[in-house]
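Accompanying notes for the structure given below.
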Amino acid sequence: MATRVATGQRPATEVSAPLRRTAHPGVYRRGGRFIAVYRRGGRQRKESAASFAEARMLKRRREAEARSERGGPTLHEHALGWASTYTGTGRDTVSEPTRREYRRLLITFALRYFPADLRLAELAREALQGFVTWLSRYRGERGRLSDRSIRNAVAPLRLCLEAEDATLPEPGLARALLLPRRRGGRGWDFEQGRVLTRLQLAALLAEIPAQWRDFFDLLAVTGLRVSEAIALRWEDLELGRPASLWVRRSIVDGVIGAPKSRFGRRLLPLEAELAGRLSRRRSEGAREEDLVFCTCSGAPLNPNNIRARVLVPALCRAGVPRVGFHAFRHTCASLLIERGLSPLRLQRWMGHHSAAYTLDVYGHLIDAELAPPLDLAAELSGGDLRRI
């Protein structure tokens, strides 16, 4: 076994014995042992080994480690380390479920594409653009990735590269991750397909079994994420007049945590008829901290089970294209936009981290027509000029 030779702690016989060269440069013999000599951190270092072969391997290993340190971390090392510690930028914080999702996306896509030994210092613009091209051609179990899925796959890689921008071969290298604009649009064709029409929503809800109707109606009228809906407790509902509910937590993979963004904690209005149904749903012995929607034993619902046993059969019976829980969220947003809700208020309603993100996601649903021309004379004549 190799042992590091510490200055001031060597046996007297070893210190006095001269170093004798061997056939391998940097490997010497001293008495009955072999010494590997190498440089690290600007200093000469020595380690002792029992045999010539062991000392030679030790020398090679230490030199490889030194080269690795000079070359900096690999993309794989940096990306996984970043995913474990990333807390967000500015005032917006990133929750543990989001970090887990970033890590999953990195492992599934970026770290599958880029070689394990590729160092950040070796990263080239062409390699990043090649990654996006690879994503646009990637075929998984469900076929090609949608443009939205490609954006999701690219996002954590861009963020982790931006965090190391100073050490990259060129500044702003992360901007090379240009997303494709397929099928002539903003890349939202798949998401647009997940917005249900009024007829589709009505047909789908009509096929939902009675015991699940409150749950799906709530998704449709509030736009809650399914992780937020299954985490609702009775203490979160205010079922008087006017009725409302607080979004205070989410449950992802059975783990209770904070909502997805800093605006995820929010107060939403509830329609009176649905509030009455929820009120009647509460049993006499239900405690404030009990879940509103739960299994017979009081445990949190599993969204995968609800999808397979309730949503998918209802979609088939209604003749509605296959969609997921998020379709109710997108449909709620489209109805709110049609009703004239401003982008800022929509952001707060949906619990997005920024109004810019809300516009990026739902901007295609907002009427692009300009308002009538502004008549300055009419605006400045009469009335209260202190309104602005």
**Asked** Within region 249-304, how many residues turn out to be assigned to a loop (DSSP other than H, G, I, E, B) and closer than 27 Å to Thr98 by Cα?
**Response** 20
**Message:** Looking only at region 314-331, count every residue that is in contact (Cβ under 8 Å) with a residue 12 or more places away in the chain, farther than 24 Å from Glu238 by Cβ and part of a helix (DSSP H, G or I) and tell me the total.
**Reply:** 8
**Item:** Boolean, Val320 is at negative phi and crowded, with 18+ Cβ neighbours inside 10 Å
**Value:** yes
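Yes or no, residue by residue, for (1) under 17 Å from Trp212 (Cβ atoms); (2) loosely packed, with under 10 Cβ neighbours inside 10 Å; (3) at pLDDT below 90; (4) among the polar types (S, T, N, Q):
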site: Thr295; (1), (2), (3), (4): yes, no, no, yes
site: Pro300; (1), (2), (3), (4): yes, no, no, no
site: Pro372; (1), (2), (3), (4): no, yes, yes, no
site: Asp375; (1), (2), (3), (4): no, yes, yes, no
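Condition check ((1) open to solvent by less than 20 Å² (accessible area, probe 1.4 Å); (2) over 21 Å from Gly240 (Cβ atoms); (3) of a type in the set (A, V, I, L, M, F, W, C)) across all residues:
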{"site": "Asp253", "(1), (2), (3)": "no, yes, no"}
{"site": "Gly264", "(1), (2), (3)": "yes, yes, no"}
{"site": "Leu335", "(1), (2), (3)": "no, yes, yes"}
{"site": "Ser342", "(1), (2), (3)": "no, yes, no"}
**Message:** Six or more apart or on different chains, Cβ atoms under 8 Å: show the pairs whose first residue is in region 101-115 and part of a helix (DSSP H, G or I) and whose second is at pLDDT 95 or above and open to solvent by 70 Å² or more (accessible area, probe 1.4 Å).
**Reply:** none
**Item:** Single residue of region 345-360 satisfying the filter (assigned to a helix (DSSP H, G or I) and at pLDDT below 90) that is least open to solvent (accessible area, probe 1.4 Å)
**Value:** Thr358
**Fill in**
Out of (1) without any contact (Cβ under 8 Å) to a residue 60 or more places away in the chain; (2) buried (at least 17 other Cβ atoms within 10 Å of the Cβ); (3) under 17 Å from His326 (Cβ atoms), the one Thr222 does not meet is (1)
**Asked** Just a yes or no: is a residue in region 236-255 touching an Asp or Glu at 6+ places or on another chain (Cβ under 7 Å) and among the small types (Gly, Ala, Ser)?
**Response** yes
**Prompt:** Any idea which residue in region 117-133 is surrounded by the most Cβ atoms within 10 Å (Cβ to Cβ), counting only those that are more than 14 Å from Leu178 (Cβ to Cβ) and not charged (D, E, K, R)?
**Reply:** Leu123
**Item:** Top-ranked residue in region 165-199 [being among the aliphatic types (A, V, I, L, M) and over 22 Å from Leu336 (Cβ atoms); ranked as modelled with the lowest pLDDT]
**Value:** Ala166
**Complete:** Of the residues in region 206-233 that are assigned to a helix (DSSP H, G or I) and aliphatic (A, V, I, L, M), the one that is nearest to Leu336 (Cα to Cα) is Val221
**Request:** Filter region 234-248 down to residues that are free of Cβ contacts under 8 Å to residues at least 40 places away in the same chain, of a type outside the set (D, E, K, R) and not in a loop (DSSP other than H, G, I, E, B) and give me whichever is farthest from Ala327 (Cα to Cα).
**Result:** Ala243
**Request:** Identify the single condition in (1) within 29 Å of the chain's Cα centre (by Cα); (2) under 20 Å from Gly264 (Cβ atoms) that Leu196 does not satisfy, given that it satisfies every other one.
**Result:** (2)
**Prompt:** Only one of Ala121, Ala153 is part of a helix (DSSP H, G or I) and either among the β-branched types (Val, Ile, Thr) or within 20 Å of the chain's Cα centre (by Cα) (or both); which?
**Reply:** Ala153
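The values are calculated or read from the model by the stated rules, or taken from the named source; none is laboratory data. Here the structure is a predicted model, which means the values were calculated and not measured. Please note: Cβ atoms are built from the backbone with ideal geometry, for glycine as well, and neighbour counts cover all protein chains shown. Just so you know, the surface numbers come from the protein's heavy atoms only, side chains and all, with ligands and any DNA or RNA stripped out. Shrake-Rupley method; radii C 1.70, N 1.55, O 1.52, S 1.80 Å.
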